[in-house]
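The values are calculated or read from the model by the stated rules, or taken from the named source; none is laboratory data. Remember, predicted model here, so these are calculated numbers, not experimental data. Here the Cβ positions follow ideal geometry from the backbone for every residue, glycine too, while neighbour counts run over all protein chains shown. When the accessible area is computed, the model is the full protein with side chains, heavy atoms only, and any ligands, DNA or RNA have been set aside. Shrake-Rupley method; radii C 1.70, N 1.55, O 1.52, S 1.80 Å.
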Amino acid sequence: MTGKLDGKVAIITGASSGIGEATAIALAAEGAKVAIAARRSDRLEELAKTIAASGGQALPIVTDITDEKQANNLIDQANAELGRIDILVNNAGVALTGNIDGGNTSDWRRMLDVNVLGLLYTTHAVLPILKAQGVGHIVNISLVAGRLARAGVGIYNATKWGVNAISESLRQEVLKDNIRVTIIEPGLVETEINNHTTDPVAKKISEERLKAITPLQSEDIAAAIVYAVTQPQHVNVNEILIRPTQQER
Ligand code: NDP
């Protein structure tokens, strides 16, 4: 069977669950060799087995992307063991929502560390490799709230607005190097992301928003990523905004 990504190598951060896991499966199904990164090694090993059982190849690399050395190692190890890097999907993220007024400042630091600095570390490490190859694609996962601010989501909003700003600046910087940059902005997706929210009020609001509609599934977002990375080289899909049909804002 021939896939649209035969011979390509993709790195996916946050591959131990949700959107990252579905994306790794979808890219591998198109023929890409995938390096899968996150902190939970058991989940990565399980995913590697699932991909191998379908005839794909997955390399688990346990990584905390908030540690710059680990982020550098992820890129170097993937490049050394899989031979090249064509696609980096910066998907790892946390949504520790809650009001700014009286908010939990350690949650703020964690969101900035994972959603912004972690994404920057992997990006910084991969760029010299993509430039030397003369081709590459970076896909950054933002969200609808990267465009629309909402009470109770301010710092999460800020991190994803940051992701959008970083992505657009980078796109302009590296287009001369034949490197594409894509922003994916999903609405509500049913994953385990809300499990980590520490503020009980914010957690309840998120759960109720999810229950009120038919949410997106991780595979819906993976399909959008596959679309973006399988276009001809002269086409750069800059942004994809995807909401569940019933989501108003
Ligand atoms: P999940 O909680 O299922 O997945 C988050 C992933 O990030 C996990 O694999 C987790 O792995 C990883 N992660 C968290 N912290 C770190 C870290 N320090 N280092 C490495 N990996 C880390 O949530 P989703 O699949 O929903 O989220 C994926 C992305 O999609 C996020 O960027 C999120 O902001 C975005 N998004 C989600 C939406 C939703 O409604 N679910 C909507 C729009 C965007 P581990 O814990 O093993 O390290």
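Of note:
- Residues located in segment 199-227, provided they are in a helix (DSSP H, G or I) and small (G, A, S): A202, S206, S218, A222, A223, A224
- Beta carbons closer than 9 Å, at least 6 apart along the sequence or on distinct chains, pair a first residue in segment 199-215 that is touching a residue at least 12 places away in the same chain (Cβ under 8 Å) with a second that is among the acidic types (D, E) and not in a loop (DSSP other than H, G, I, E, B) for D199/D107.
- Enumeration of residues in segment 70-119 that are surrounded by fewer than 16 Cβ atoms within 10 Å (Cβ to Cβ), touching a strand residue (DSSP E or B) at 6+ places or on another chain (Cβ under 8 Å) and not small (G, A, S): E81
- Qualifying residues in segment 173-205 (those that are among the aliphatic types (A, V, I, L, M) and near the ligand (Cβ under 10 Å from one of its atoms)) - the one nearest to I240 (Cα to Cα): I184
- When segment 6-21 is filtered for residues that are surrounded by fewer than 24 Cβ atoms within 10 Å (Cβ to Cβ), under 18 Å from the mean Cα position of the chain (by Cα) and farther than 18 Å from V126 by Cα, the ones remaining, listed by number, are S17, G18.
- Output for segment 170-190, where each listed residue is open to solvent by less than 60 Å² (accessible area, probe 1.4 Å) and more than 15 Å from N115 (Cβ to Cβ): L170, R171, V174, D177, I179, R180, V181, T182, G187, L188, V189
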